[in-house]
Amino acid sequence: MLRIAIVDDEAEVRESLSSMAARFSKENGVELVVSEYADGRDFLESGATEDIVLLDIEMDEVGGMETARRLRTAGVTSEIIFVTNMAQYAIKGYEVSALDFVVKPVRYPTFAFKLARAVEVASRKRRSRITIPTRDGVRTLNTADIIYVEVIRHKLIYHTVQGTFEVWDSLKNASTTLEPFGFALCNACYLVNLDKVIGVSQDMVTVEGGDELKMSRGRKREFMDALTRPTGG
């Protein structure tokens, strides 16, 4: 099951897109749960983190581009498809990592093509989610959002794009779970998402966000081999 938010200030457009999503779901055997919002402000205040967001660019209260910026600032990684009358504005979507855009009036063949891609990407993300028991309850994380995992005694600290989360666990268990998703140890204290590495200098690894992690001599060769290995190799 994937969740879709339709955010548009025109009721007719929301109804049309919802109907198209239902048709796509039936034709492709994909379970989709659709929620509708009349404005970006309503969507943001709902706290919803749907898998896919169909987002109108021009809205009176909070426009689509501003809504997308706030989502990304909050660490939300939903797949965004802009819906707009003017394609030139949607092209700026790269600034907020939007997946695609469709131009109004939206036709089903175009909609279905764009949505199929979003469903594929969102489904892949869902398959790479892990669940961790934090002090505040169970937390689900996309592995792509984890920057690195740090161990302090018997406590793990997950450093993510959404913030940090503490878990009572071992780094060995975390390694077993995360290594298939492109993580590697740079020393006995740090398990690093290789996609989040932005630099390596001598015995230090710099990751997104600017943290510098010590790389041990014993782990250096294995870590560098993993870092430079071609995807799928």
>> Cβ contacts < 6 Å: first residue farther than 18 Å from ILE4 by Cα and among the acidic types (Asp, Glu), restricted to segment 82-109; second residue open to solvent by 30 Å² or more (accessible area, probe 1.4 Å) and modelled with pLDDT of 75 or more, any location; separation 6+ or different chain. Result?
In response: none
> Within segment 211-233, how many residues are in a strand (DSSP E or B) and open to solvent by 30 Å² or more (accessible area, probe 1.4 Å)?
Replying inline: 2
> How many of the residues making up segment 198-210 are part of a strand (DSSP E or B) and touching a strand residue (DSSP E or B) at 6+ places or on another chain (Cβ under 6 Å)?
Replying inline: 6
>> Take residues that are open to solvent by 20 Å² or more (accessible area, probe 1.4 Å) and out of contact with any Asp or Glu (no Cβ under 8 Å at 6 or more places or on another chain) and tell me which of the strands (runs of 3 or more DSSP E) falling wholly in segment 1-106 contain 3 or more.
In response: 32-37, 100-103
>> Among the listed residues ALA118, ALA112, identify the single one that is among the small types (Gly, Ala, Ser), assigned to a helix (DSSP H, G or I) and within 20 Å of the chain's Cα centre (by Cα).
In response: ALA118
> How do the pairs read when you match residues in segment 112-128 that are of a type in the set (Val, Ile, Thr) with residues anywhere that are open to solvent by 40 Å² or more (accessible area, probe 1.4 Å) and assigned to a helix (DSSP H, G or I), using Cβ under 6 Å and keeping only pairs 6 or more apart or on different chains?
Replying inline: none
>> So GLU208 passes all but one of these: (1) open to solvent by 60 Å² or more (accessible area, probe 1.4 Å); (2) more than 26 Å from SER123 (Cα to Cα). Which condition number does it fail?
In response: (2)
>> Criterion first (open to solvent by less than 60 Å² (accessible area, probe 1.4 Å) and closer than 23 Å to GLU79 by Cβ) does ASN193 satisfy it?
In response: yes
>> Residues to consider are GLU95, GLU79; find the one that is closer than 20 Å to LEU17 by Cβ and not β-branched (Val, Ile, Thr).
In response: GLU79
> Any residue at all in segment 165-188 that is in a strand (DSSP E or B), open to solvent by less than 30 Å² (accessible area, probe 1.4 Å), hydroxyl-bearing (Ser, Thr, Tyr) and at pLDDT 90 or above?
Replying inline: no
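The values are calculated or read from the model by the stated rules, or taken from the named source; none is laboratory data. All values reported here derive from a predicted model rather than from experimental measurement. Methodologically, a virtual Cβ is constructed for each residue, glycine included, from the backbone with ideal geometry; neighbour enumeration extends over all protein chains shown. Ligands, DNA and RNA are stripped out before the accessible areas are found, and what is left, the full protein with its side chains, is counted by its heavy atoms. Shrake-Rupley method; radii C 1.70, N 1.55, O 1.52, S 1.80 Å.
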